[in-house]
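As structure tokens, the structure follows; a few thoughts come after it.
The values are calculated or read from the model by the stated rules, or taken from the named source; none is laboratory data. The model shown is predicted, which means the values in this text are computed figures rather than measured ones. Heads up, the Cβs are rebuilt from the backbone with ideal geometry, glycines too, and the neighbour counts pull from every protein chain shown.
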Amino acid sequence: MSAPVRVCTVDELPTSVGAVVALVDGRKVTIARDSQGRLHAFDDTCSHANVSLAEGEIENGFIECWLHGSQFDMTTGRPVQLPATQPIAVHDLTVDDDGGVYVTVNGSAAGA
Ligand code: FES
């Protein structure tokens, strides 16, 4: 696990459900807000093929890949809908008192 990296402020994130992509330690990480207002950080690339998950649809705690419809649990990274069978890496996300959003990249996908 690497050191926390400041990626943005909460003001720069979607105010409702949505996602942005940040470069953290050289890897593309999606920062997503779910319908409960919780923030998640996970690898932006779908584990099924090389497309951006940030462009997918978020429902509750899940994100659906726009290309073939795989769904991933944004907390664990585990796929819950085929065709993807491999998890995506999820990363630690914290927000400090000044609204700074920090991501700590984990080395591997959940369960890998
Ligand atoms: S590329 Fe994401 S499900 Fe196929």
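Some observations on this one:
- In region 61-85, the residues that are in a loop (DSSP other than H, G, I, E, B) and either of a type in the set (Phe, Trp, Tyr) or under 18 Å from Ala41 (Cβ atoms) (or both): Gly61, Cys65, Trp66, Met74, Thr75, Thr76, Gly77, Arg78
- Test: residue in region 29-51 that is in contact with a Cys (Cβ under 9 Å, 6 or more places away or on another chain), among the β-branched types (Val, Ile, Thr) and not in a strand (DSSP E or B): yes
- Scope region 1-24; condition polar (S, T, N, Q) and free of Cβ contacts under 8 Å to residues at least 24 places away in the same chain; matching residues: Thr15, Ser16
For every residue, the table says whether it meets (1) among the charged types (D, E, K, R); (2) surrounded by fewer than 19 Cβ atoms within 10 Å (Cβ to Cβ); (3) within 12 Å of the chain's Cα centre (by Cα).
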{"site": "Asp43", "(1), (2), (3)": "yes, no, yes"}
{"site": "Leu53", "(1), (2), (3)": "no, no, yes"}
{"site": "Ile63", "(1), (2), (3)": "no, no, yes"}
{"site": "Val80", "(1), (2), (3)": "no, yes, no"}
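- Flag for Ala49 being exposed (fewer than 13 other Cβ atoms within 10 Å of the Cβ), within 16 Å of the ligand (Cβ to nearest atom), small (Gly, Ala, Ser) and at pLDDT 95 or above: yes
- In the set (1) surrounded by 16 or more Cβ atoms within 10 Å (Cβ to Cβ); (2) assigned to a strand (DSSP E or B); (3) within 16 Å of the ligand (Cβ to nearest atom), Tyr102 fails one condition alone, (3).
- Condition met for Gly56 (among the small types (Gly, Ala, Ser) and near the ligand (Cβ under 9 Å from one of its atoms)): yes
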